[in-house]
1. Do any residues in segment 182-211 that are free of Cβ contacts under 8 Å to residues at least 40 places away in the same chain and within 12 Å of L165 (Cα to Cα) have Cβ atoms under 8 Å from those of residues that are assigned to a helix (DSSP H, G or I) and of a type outside the set (A, V, I, L, M, F, W, C), where the two are at least six apart or on different chains, and which pairs are they?
2. Checking the conditions here, which among L288, L257 is of a type in the set (A, V, I, L, M), assigned to a loop (DSSP other than H, G, I, E, B), over 28 Å from F341 (Cα atoms) and touching a Gly at 6+ places or on another chain (Cβ under 9 Å)?
3. Condition check: out of contact with any strand residue (DSSP E or B) (no Cβ under 8 Å at 6 or more places or on another chain) and farther than 23 Å from R298 by Cα. Does R149 satisfy that?
4. D225 fails exactly one of the following numbered conditions: (1) acidic (D, E); (2) assigned to a helix (DSSP H, G or I); (3) modelled with pLDDT of 95 or more. What is the number of that condition?
5. For segment 54-123, list the strands (runs of 3 or more DSSP E) that sit wholly inside it and hold at least 2 residues that are closer than 22 Å to G334 by Cα and at pLDDT below 95; which are they?
6. Could you tell me how many of the residues in segment 110-153 are farther than 18 Å from L100 by Cα, of a type in the set (G, A, S) and in contact (Cβ under 8 Å) with a residue 40 or more places away in the chain?
7. Any residue in segment 300-315 that is among the small types (G, A, S), touching a helix residue (DSSP H, G or I) at 6+ places or on another chain (Cβ under 9 Å) and closer than 28 Å to D197 by Cα?
8. Restrict the check to segment 57-80 and report whether at least one residue is among the acidic types (D, E), within 27 Å of P262 (Cα to Cα) and surrounded by 13 or more Cβ atoms within 10 Å (Cβ to Cβ).
Amino acid sequence: MECTCCISPARRRLLGALGAVAGGAALGVSGTQASAAAANQRSIDVHAHYYPEAYCDLIGKEGSKYGGSFVSDGHSFTFKTPAGGLGPLPMKFIDVDQRLRDMNASGVDVQALSLSVPMAYWGDRPFNARLARTWNVAASDVYRAHPTRFVVLATLPMLDARDALDELDRAADLPGVRGVYMGTNIDNHDLDDPRFDPIFARIAQMGLPVFLHPQQTVGGSRLADYYLSNLLGNPFDTAIAASHLILGGVMDRYPTLEITLPHAGGALPILLGRIDAGWNVRPETRKLAQQPSSYARRFSYDTVSHSGPILEFLIKNVGVDRLVLGSDYCFDMGYEQPVRFLDHVPIDDAGRNMIVGGNAARLLRI
C-alpha cells in the first residue's frame with residue numbers, strides 16, 4: 001500500500017477524489033441524478049494532438065545536432081527527426097485560438113492534448129528529457145489558460161527509465177495533467193520489455209491512464225506506397241503493442257493499469273479469435289492463465305475507426321463502457337466531426353452519452 005505521507009499533493013487530491021467516487025457508487029445514484037448527469041455531459045476528445053511553439057523551437061534550434069529539423073513558412077510546418085517526420089502540417093496544430101474555433105464547430109467541449117510523431121524518443125538522454133519537459137509545461141500552460149476546454153496527457157522521456165520516472169513525478173503535479181501518452185513502441189522496443197516495468201509500475205501506482213499512439217510502425221518499404229504506412233501501419237502497430245502488453249504479462253503484473261488504444265484498437269479486435277487460437281496450441285503464448293481475448297475489456301478504444309460497423313462490433317463484443325470519443329485532431333486521417341460520426345452507429349442515448357464523454361470523464365477524472 002502506498003504511504004500517504006510519500007504521495008505528492010496532487011496524488012493525495014486524486015486519491016481523495018477516487019474515494020469520493022467509489023463512495024458515491026456504493027451508495028447508488030438515483031434516476032434523477034443520472035438524468036442530470038447526462039444533461040450536463042461534456043464531449044471529451046481523447047485523441048487530439050498538439051505541437052507547442054516551445055517544443056517546435058527546441059527541435060528547430062537544438063535538434064539539428066541529433067538529426068532533427070523544424071521549418072515553417074507561417075502557413076504550415078514540417079518536422080524531420082530520426083524517429084520520424086511529418087509535414088507539411090497546418091498551423092492550427094500550434095495555434096490554440098484556431099483549435100478552440102474548430103472545437104466549437106465540431107461540438108467538442110474538451111480535448112485531452114497529446115504529442116504525436118516525432119514524440120520525444122530521440123536525441124541523447126538530456127535532450128530527450130528536455131523535449132518531454134518542454135512539451136508538458138507548454139501543454140499545462142494551455143490548460144491554465146483554458147481550464148474548462150483542455151486536459152493534458154503527459155509525455156515521458158522513455159529512452160531511460162530513470163528519466164521517465166523523474167518526469168512522471170514532476171509532470172503529475174502540473175495543472176491539467178490527467179494521464180500519460182506513450183508510443184506503441186519506444187525506439188523499436190516493445191512495451192513488454194523489462195526496461196519499461198518500473199515506469200508502468202509507477203503509472204499504475206499513481207492511478208493515471210495511459211493512451212497509446214503508433215510511431216515507427218511496422219512494414220518498412222513495403223508500406224511506403226499509397227500512404228500504407230498510416231492506413232495499415234498504424235492499426236497493425238496498435239495491435240502489436242496491445243498483444244505484447246497482454247502476452248508479455250504487463251496487464252497481469254499491473255491489474256489496475258488503464259490503457260486506451262487508438263483507432264478503435266487497430267487490427268486487435270478483429271484478430272482476437274486468431275490470437276486465442278494461438279494461445280490454445282502454441283507454447284510461446286501460454287504464459288497467460290486465461291485466453292488473450294479475456295483481456296479485451298482491460299483496454300478502452302477510441303472511435304477513430306472510420307467505420308460505423310466496426311464501432312458497433314466493439315460495442316457488441318467489448319462493451320459500450322469501453323469506447324471513448326476521438327478525432328485525431330487535426331490530421332487528414334482524423335474526423336472533422338467526431339461527435340456527429342456517432343450518428344453512423346445504432347446506439348441509444350445512454351450509450352451515446354457514455355461514448356461522447358462519460359467514459360472519458362471517468363478515465364480522466366473530469
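1. Going by the 8 Å Cβ cut-off, the qualifying pairs are R202/D169.
2. Within the list L288, L257, the selection yields L288.
3. no
4. Going through (1) acidic (D, E); (2) assigned to a helix (DSSP H, G or I); (3) modelled with pLDDT of 95 or more one by one, D225 breaks only (2).
5. Per the criteria, 76-81, 84-90.
6. Result for segment 110-153: 2.
7. Looking through segment 300-315, at least one residue is among the small types (G, A, S), touching a helix residue (DSSP H, G or I) at 6+ places or on another chain (Cβ under 9 Å) and closer than 28 Å to D197 by Cα.
8. No, there is no match, as no residue in segment 57-80 is among the acidic types (D, E), within 27 Å of P262 (Cα to Cα) and surrounded by 13 or more Cβ atoms within 10 Å (Cβ to Cβ).
The values are calculated or read from the model by the stated rules, or taken from the named source; none is laboratory data. Just so you know, these numbers come straight off a predicted model, no measurement behind them. FYI the Cβ positions are ideal-geometry reconstructions off the backbone, even for glycines, and counts take in every protein chain you see.
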